[in-house]
Amino acid sequence: MNSAMKLCGDLFAISAVKNSFSLWPRLCILTLNKQGITQLWMLFHDADYSVVVFIRLRSCGGKSSLLAHLDHEKYLISSGIAVVINNTEFHNNLKLGDRTGSDVDAASLFQRFQELGFDSDLLNDATKDDMEDKFNEIKNDKKSLENAGCLIVALLTHGNEDSVFMTDESVKIKNVMDYFNAENCPELIMKPKIFIVQACRGTGLGSGVNRTVVRRDPNQADAAAEYHEYDKTHGEVIRIPNEADFLAVYSTSPGYGSFRNTEQGSPFVRYLSEELLKMKKEDDFYKVLTRVNKDVGLGYKPNYAHSDIITQMPCFISHLTKDLYLKQKG
């Protein structure tokens, strides 16, 4: 590192730092000092680390907002923001077929999210620019973000293992999620961000095997650990990974296709919608997703020749740090 620069002061627009210094944010830190004041800091640096900027972005005014997250073991969600992107027709140059039946999925999820108390929006046949405009609209509405307990983005489209298609081009799923990570959307720090993907993740068809059923107790995944240290100047420091509090829910496993019925929609969304409708206040969302895995993986059989040897297995990847309870409205 040739030189370093440390700036302290309030900054209201991260983009101003990027434009002024050609820097990008790399680390988000919450601090709690002896007076109980919580502050949000962000570390910026350029490509070769010749310039490093450490800036205080926001004071949270009291320790309750920080410690409440650490002291409680549950996300209790009564409201949030939901976006359903439903792509059925694509530009000719992509050579992708129409996704007939997806409107059934979109309407079903949209209704479920509204019933859960989410401010919901539906985008049909969205280009990449349409998607970005909607995400920027959400990010710029600071008041709504602060009041929202959760974000849900549902992507109903064509895809492959690591990308999904807007109507004009493909986008990496990671890039879609990055719009709302800790660096790019600090208002959603410590809030669950759920991404639901109904799309193929390859061209394979699961064949499955015949097995004798053996009943066993289910194993639960360990909760994500939080890293703590103590700084003499700022007090307790909590480093928040960019990927913390994300939950990715996929209709199928990596490398495999995802079924869709032209009249009834996809089995994954249909079963997910049914489980959301049956979900009780005390139901952890992990259990809901596990039931969907069972419904699709063990209960669904596509209705065409040789379908008795074809299977589909949904999966989810969790970076949540708590149990998630969605049905807390009212």
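Observations, loosely collected:
- Computed 3J(HN,Hα) for region 147-162, one whole-Hz value per residue from the Karplus formula 6.51 cos²θ - 1.76 cosθ + 1.60 where θ = phi - 60°, is 7, 6, x, 6, 10, 10, 10, 10, 10, 10, 6, 7, x, 9, 4, 10, glycine and proline marked x.
- Sequence-ordered 3J(HN,Hα) estimates for region 186-198 from the Karplus curve with 6.51, -1.76 and 1.60 and θ = phi - 60° stand at x, 5, 9, 4, 6, 10, x, 10, 10, 10, 10, 10, 9 Hz, glycine and proline given as x.
- In this structure, the amide hydrogen of Ile152, modeled 1.01 Å from its nitrogen in the peptide plane, lies closer than 5 angstrom to those of Ile81, Ala82, Val83, Ile194, counting only residues at least 5 positions away or on a different chain.
- In nm, spacing of pseudo-spin labels at Glu169 and Ala107 (7 Å Cα→C-beta vector): 3.4
- Cα shape, region 90-131, gyration tensor, a/c 1.5 rule: oblate
- For Leu122, residues with placed amide H under 5 Å, excluding near neighbours: Val84
- 5 angstrom amide H check on Phe246, placed H, neighbours 5+ away: Lys193, His319, Leu320
- With 22 Å as the limit, the listed pairs Lys172/Lys329; Lys172/Lys193; Lys74/Lys287; Lys142/Lys172; Lys142/Lys327 have Lys172/Lys329; Lys142/Lys172; Lys142/Lys327 beyond it between alpha carbons.
Read-outs: derived from the displayed coordinates by stated rules, not from any lab. No experiment lies behind these values; they were computed from the predicted model shown. Positions of Cβ are generated from backbone atoms using ideal geometry, with glycine treated the same way; all protein chains shown enter the neighbour counts.
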